[in-house]
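Student: Please see the structure below; I have some questions.
Bear in mind these aren't lab numbers, they're just calculated from the coordinates by the rules spelled out. Just so it is clear, the structure is predicted and the values come from calculations on it, not from any experiment. In this analysis, Cβ positions are derived from the backbone assuming ideal geometry, glycine residues included, and neighbour counts consider all displayed protein chains.
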Amino acid sequence: MRAHSKQRSVPASRPGRAQASEKVFMRRILPMTAALALLLIATACGGPSAPSPPPSTTSAPAPPEPGGTPKPSAQYPADLIDLSNWYLTLPTGDDGDPDLVHQPELATYSGPAFHLDDAKDGVVFSADAGGSTTKGSEYPRSELREMSGQDMASWSNTSGTHTLTVREAFTRLPPNKPQVVGAQIHDAKNDVVLIRLNGERLVAEYGRDSTRITIDPAYKLGTPYDLRITAADSHIQIFYNGNLAADIPMSGSGWYFKAGAYVLSNPDKGDSPDAEGQVVIYSLHVQHTM
């Protein structure tokens, strides 16, 4: 009898590495896919959504006004420059006895010859050629005179350091004699040094012979410039836009600063009575150190 051979089942082949990785991937991705599907269904049905990030607590700075820096809120010239140690001489009143404005009235004073400019960033000093004059002068002025509290300022450059710093611009000159002084040192009788515009030539003028040192040979009306006058060690130094323009060996006493528009013309010089000289001062500081 022929013997029957036993059939052996062929065992299933073992999965390769690629198949094993596929199974692991499916075990991991299927739960994530299901969770994502549930979230999408909940969102579509109006369910809760992920919270938005909290708003920033720091607001962006407001944009500047069109045209640049916002205008200052000055109402009077004293709101723009410190006038506590000055008084004002005006080109009105009688010749030899012009109108004066002292503190505390000067703190709230404004008028045709002394007022803020349209931008409210400068103080306009103006005087007509036909305006009233001070005693001993034939020319009108709208000009500040330095004080020391209630007393007239009076100092000497043989001791201490005395400095006037001003940012200003000449804006108008009389047509026939186009000369205006924007700042000066004066003494009890005469001017010591003048910062004077003659047409287009800006000069420092000093001494009995009116010696002139050119500061700017081609100054253009309306151009602001920085001026510093320092009186110390028997010298007067003048700085124009930060550069030393003049070093004058001179000493004296009874000195004080003045600033504004001192108009060196009058009808006798050929100008009409309403011909105007004008200076705008943007900042003004005086310092004395001993």
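Student: I need the P(r) histogram for region 149-192: all alpha carbon pairs, bin width 5 Å from 0 out to the longest distance, whole percents.
Tutor: Reading upward from the zero bin: 5, 12, 19, 21, 18, 12, 8, 4, 0.
Student: Output the relative contact order of region 65-202, whole-number percent, from Cα pairs under 8 angstrom with separation of 6+ residues.
Tutor: That works out to 19 percent.
Student: Then there's this: Compute the label zone of Ser159 within region 220-257: residues whose backbone N is under 18 Å from the point 7 Å along Cα-to-Cβ.
Tutor: Answer for region 220-257: 231-235, 251-256.
Student: Once you treat every alpha carbon in region 79-124 as an equal point and sum by Debye, what is log10 I(q)/I(0) at q = 0.27 Å⁻¹?
Tutor: -1.07
Student: What pairs from Lys120/Lys189; Lys120/Lys177; Lys220/Lys269; Lys120/Lys269; Lys189/Lys220 go past 26 Å between their alpha carbons?
Tutor: Lys120/Lys189; Lys120/Lys177; Lys120/Lys269; Lys189/Lys220
Student: Give me the one-decimal Kirkwood hydrodynamic radius in Å for region 126-210, with the sum taken over alpha-carbon pairs.
Tutor: 14.7 Å
Student: Step by step: find N for region 66-173, compute 2.2 N^0.38 Å, then divide the Cα radius of gyration by it. What's the final number?
Tutor: 1.19
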